[in-house]
């Protein structure tokens, strides 16, 4: 999001992975930001329901979604781990470009 010119103020996460303390911490460390974890673990279903409610005019707008999600925990990144991830981020970013030929080869019909 930042690379696209958007300013990220808050990150929230939900889903099955969020039940794991290890994965929660890893996400906060890798992104180098605090992560708010929703009380419910069915964010996709809630998001779909919210879109339907907006389409039916039952909510003012999709921007109200954040107000409707209860955050049960906010996890801060570990500074040392976040520094390691930040140092490695350019290497991981370059992997996409390096792997593009392989991605294209995998897309060819067989």
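The values are calculated or read from the model by the stated rules, or taken from the named source; none is laboratory data. What you see is a predicted model, and the numbers here were worked out from it, not measured in a lab. When we count neighbours, we look across all protein chains shown, and the Cβ atoms used for this are built from the backbone with ideal geometry, even at glycine.
Filter segment 50-72 for residues that are surrounded by 13 or more Cβ atoms within 10 Å (Cβ to Cβ) and within 28 Å of residue 21 (Cβ to Cβ); which is modelled with the lowest pLDDT? Going through the qualifying residues, I end up with 65. Against the criterion of being surrounded by fewer than 11 Cβ atoms within 10 Å (Cβ to Cβ), part of a helix (DSSP H, G or I) and within 19 Å of the chain's Cα centre (by Cα), residue 96 qualifies. If the condition is being over 15 Å from residue 76 (Cβ atoms) and touching a residue at least 12 places away in the same chain (Cβ under 8 Å), then segment 1-22 contributes 8, 14, 15, 16, 18, 19.
Tell me whether segment 55-65 contains one or more residues that are within 13 Å of the chain's Cα centre (by Cα) and not in a helix (DSSP H, G or I). No - not one qualifying residue is present in segment 55-65. State whether the residues of segment 97-107 include one that is farther than 18 Å from residue 8 by Cβ and touching a helix residue (DSSP H, G or I) at 6+ places or on another chain (Cβ under 6 Å). Looking for residues that are farther than 18 Å from residue 8 by Cβ and touching a helix residue (DSSP H, G or I) at 6+ places or on another chain (Cβ under 6 Å), one finds none in segment 97-107, hence no. Considering only residues that are assigned to a helix (DSSP H, G or I) and exposed (fewer than 15 other Cβ atoms within 10 Å of the Cβ), which ones fall in segment 1-26? Scanning segment 1-26 gives 16, 17, 19, 21, 22, 23. Screening 104, 110 for residues that are assigned to a loop (DSSP other than H, G, I, E, B) and either modelled with pLDDT of 95 or more or loosely packed, with under 11 Cβ neighbours inside 10 Å (or both) leaves exactly one candidate, 110. Give me a count of the residues in segment 76-93 that are surrounded by 14 or more Cβ atoms within 10 Å (Cβ to Cβ) and assigned to a helix (DSSP H, G or I). Qualifying residue count, segment 76-93: 4. For segment 27-43, a residue qualifies if it is part of a helix (DSSP H, G or I) and either more than 12 Å from the chain's Cα centre (by Cα) or at positive phi (or both), and exactly one does: 29.
Among the residues examined, residue 73 does not qualify as part of a helix (DSSP H, G or I), within 20 Å of residue 10 (Cβ to Cβ) and either under 16 Å from the mean Cα position of the chain (by Cα) or in contact (Cβ under 8 Å) with a residue 24 or more places away in the chain (or both). Across segment 34-49, the number of residues qualifying as surrounded by fewer than 16 Cβ atoms within 10 Å (Cβ to Cβ) and within 15 Å of residue 10 (Cα to Cα) comes to 1.
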